[in-house]
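Take a look at the structure below.
The values are calculated or read from the model by the stated rules, or taken from the named source; none is laboratory data. Just so we're clear, the structure is a prediction, and the values are computed from it rather than from any experiment. Backbone-built Cβ (ideal geometry, glycine too); neighbour counts: all protein chains shown.
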Amino acid sequence: MKDRIRKIMELESSTPSRFAESIGIQRAAMSHILSGRNNPSLDVMTKILERYTYVNPDWLLFGKGDMRRVSTSNDASNSPQENSIFEGNPEDDSVYREENGDKMAVSGNKSTVVEKVIIQEKPSKTINKIMVFYSDNTFDTFVLEKEKKE
């Protein structure tokens with residue numbers, strides 16, 4: 001598959017970086033695919049087919065057939081017609097708006113319950129030790145002395 005992707009890149013006169021950007025994937029992902037480290041995912045293949053519509057999916061996925069899709073004038077007559085879900089005139093949606101408005105009015109009358117929140121104090125913290133790290137990978141530790149009880 002990586003060879004077929006390279007062929008598309010050659011046809012488009014595109015670098016791996018530009019090709020990755022054009023299909024919307026990370027440049028590193030394209031680099032890994034072309035080096036053979038990773039196989040292209042279904043998502044990558046789908047993005048290639050969506051961006052380069054002239055590429056034959058059978059050729060890209062399986063290496064069968066021609067690189068370019070065969071376009072015939074009969075494709076339009078053989079393809080199924082898409083029927084609209086809402087045939088005819090659209091209904092007046094003001095009825096639905098009125099229903100939603102009534103529900104909003106009812107929900108506005110609800111009372112709110114306020115609970116008192118009790119905040120608990122945490123014991124104060126004190127510093128026991130300070131460590132300083134230097135750029136030459138050394139460090140110093142400073143330990144604070146506790147006050148002596150007399």
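Restricting attention to region 1-50, which residues are assigned to a loop (DSSP other than H, G, I, E, B), surrounded by fewer than 14 Cβ atoms within 10 Å (Cβ to Cβ) and in contact (Cβ under 8 Å) with a residue 12 or more places away in the chain?
Once the filter is applied, which keeps residues that are assigned to a loop (DSSP other than H, G, I, E, B), surrounded by fewer than 14 Cβ atoms within 10 Å (Cβ to Cβ) and in contact (Cβ under 8 Å) with a residue 12 or more places away in the chain, region 1-50 yields Gly24, Gly36, Asn39.
Residue-wise test of (1) over 21 Å from Arg68 (Cα atoms); (2) modelled with pLDDT of 90 or more; (3) in contact with a helix residue (DSSP H, G or I) (Cβ under 8 Å, 6 or more places away or on another chain).
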{"residue": "Ser13", "(1), (2), (3)": "no, yes, no"}
{"residue": "Phe19", "(1), (2), (3)": "no, yes, yes"}
{"residue": "Ala29", "(1), (2), (3)": "yes, yes, yes"}
{"residue": "His32", "(1), (2), (3)": "yes, yes, no"}
{"residue": "Ser35", "(1), (2), (3)": "yes, yes, no"}
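Quickly run through region 17-41 and pick out the residues that are more than 15 Å from Arg4 (Cβ to Cβ) and of a type outside the set (Gly, Ala, Ser).
Passing the criteria: Arg18, Glu21, Ile25, Gln26, Arg27, His32, Arg37, Asn38.
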